[in-house]
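Working notes, beginning with the structure itself.
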Amino acid sequence: MKKFLMMLTAVLLLVACGSGKKSEQKSEKKSLVVYYSITSTTQKAAECIQQLTGADMAAIKVKVPYSTDFNEIIARSQQEMQEGKMPELEPLALDVAKYDTIFVGYPIWYGTYALPVKGWLASVDLKGKVVVPFATFGSGGYTQSVADLKHQQPGAQVLDGFGIRSALMDMMPAQVTDMLVRLGMKEGEVEQKGDFSEAKAVEEADAAIFNEAVKGYAMLNATPQMVASRTVKAGTEYCFDAENTGGDGSKSNVKVYVTKEEGDKAPYFTLVEYLDNK
């Protein structure tokens, strides 16, 4: 009887251990970073996420690659959009079906994610997966790209990732870390920013900060009209309501976010939100 009880105990222990392993394997979450990049700017952000998360990584590749020349990219992409064509893609190196969380990275073209990413999103089903977008851009478009991603993949849980201007890539590692902490994917603390003040008419000193921040950026020809501000860790963040004049003379309302750090460092803009056309 004693020998039988000992054998029964051993069997139960083996079953328990086996059940634990299955449970542990079932709860293990797998992450994948998928990105498209021409000039390596978005690739750098993808590599930073991969390094901090240990996720697998795969690049979206176009069978006939785009030129790295800005004007040639514009010419080809405009023709593709006019003809209703998507660039033909190489098969992705990894199977997204095997992953729970997908980081999706892209440059902003025409106010949303680049055409190769639009084509890739049309070819996959991310239903039930957590999707974290991240974007690089000249001025803005991140907010619209997230809305478009939610529309194109309605079955996915699309979280708020981050977007960064290509001119501010030295700040990218800190933004990636903040994003991961904010989403509960990494331990740490994220700066808690307060609300902006009530907007007021732009005064001469405000206009000087705005003009200095956007100086040299040819694709933004805006006149600030109202401004709100808040104190942040780096200094002061401003939100300007402005009227932008396009190259064809069209008018549009934009919000321009500008940061003025403490000390003598020049102010810089971090994001433009294009609101509507007049």
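Summary table
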quantity	calculated
Enumeration of residues in the range 100-114 that are open to solvent by 10 Å² or more (accessible area, probe 1.4 Å), outside any strand (DSSP E or B) and not charged (D, E, K, R)	Tyr110, Gly111
Verdict on Lys233 being of a type in the set (D, E, K, R), open to solvent by 20 Å² or more (accessible area, probe 1.4 Å), within 23 Å of the chain's Cα centre (by Cα) and more than 16 Å from Val214 (Cα to Cα)	yes
Residue in the range 76-87 that is assigned to a helix (DSSP H, G or I), out of contact with any strand residue (DSSP E or B) (no Cβ under 8 Å at 6 or more places or on another chain) and aliphatic (A, V, I, L, M) present	yes
Boolean, Ala135 is over 14 Å from Thr42 (Cβ atoms), open to solvent by less than 60 Å² (accessible area, probe 1.4 Å) and among the aliphatic types (A, V, I, L, M)	no
Subset tally (residues that are of a type in the set (S, T, N, Q), open to solvent by less than 80 Å² (accessible area, probe 1.4 Å) and touching a Ser or Thr at 6+ places or on another chain (Cβ under 8 Å)) for the range 253-278	2
Number of positions in the range 55-75 that are β-branched (Val, Ile, Thr), part of a loop (DSSP other than H, G, I, E, B) and either on the phi > 0 side of the Ramachandran plot or free of Cβ contacts under 8 Å to residues at least 24 places away in the same chain (or both)	0
Hey, Gln51 modelled with pLDDT of 90 or more and open to solvent by 60 Å² or more (accessible area, probe 1.4 Å) or not	yes
Some residue of the range 167-181 being modelled with pLDDT under 95 and in contact with a helix residue (DSSP H, G or I) (Cβ under 8 Å, 6 or more places away or on another chain)	no
Scan of the range 173-211 for residues that are in a helix (DSSP H, G or I) and either touching a Phe, Trp or Tyr at 6+ places or on another chain (Cβ under 6 Å) or of a type in the set (Ser, Thr, Tyr) (or both), ordered by number	Gln175, Thr177, Met179, Phe210
Subset of the range 212-255 [in a strand (DSSP E or B), within 15 Å of Ser139 (Cα to Cα) and of a type in the set (Ser, Thr, Tyr)]	Thr245, Ser252
Residue within the range 153-161 that is under 19 Å from Cys239 (Cβ atoms), out of contact with any His (no Cβ under 8 Å at 6 or more places or on another chain) and surrounded by fewer than 20 Cβ atoms within 10 Å (Cβ to Cβ) present	yes
Test result for Val117, more than 24 Å from Ala213 (Cβ to Cβ), assigned to a helix (DSSP H, G or I) and touching a Gly at 6+ places or on another chain (Cβ under 9 Å)	yes
Single residue of Ser139, Ser123 found to be of a type outside the set (A, V, I, L, M, F, W, C) and more than 17 Å from the chain's Cα centre (by Cα)	Ser123
Which numbered condition Leu126 misses (of (1) at pLDDT 95 or above; (2) assigned to a loop (DSSP other than H, G, I, E, B); (3) open to solvent by 30 Å² or more (accessible area, probe 1.4 Å); (4) not acidic (Asp, Glu))	(3)
Identity of the residue in the range 138-152, in contact with a Lys or Arg (Cβ under 9 Å, 6 or more places away or on another chain) and under 22 Å from Phe70 (Cβ atoms), that ends up surrounded by the fewest Cβ atoms within 10 Å (Cβ to Cβ)	Gly138
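The values are calculated or read from the model by the stated rules, or taken from the named source; none is laboratory data. Note that the structure is a prediction, hence the values are computed from the model and not measured. For neighbour counting, all protein chains shown are included, and Cβ atoms are generated from backbone atoms with ideal geometry for every residue, glycine included. Areas reflect the complete protein model, heavy atoms only, side chains present, ligands, DNA and RNA absent. Shrake-Rupley method; radii C 1.70, N 1.55, O 1.52, S 1.80 Å.
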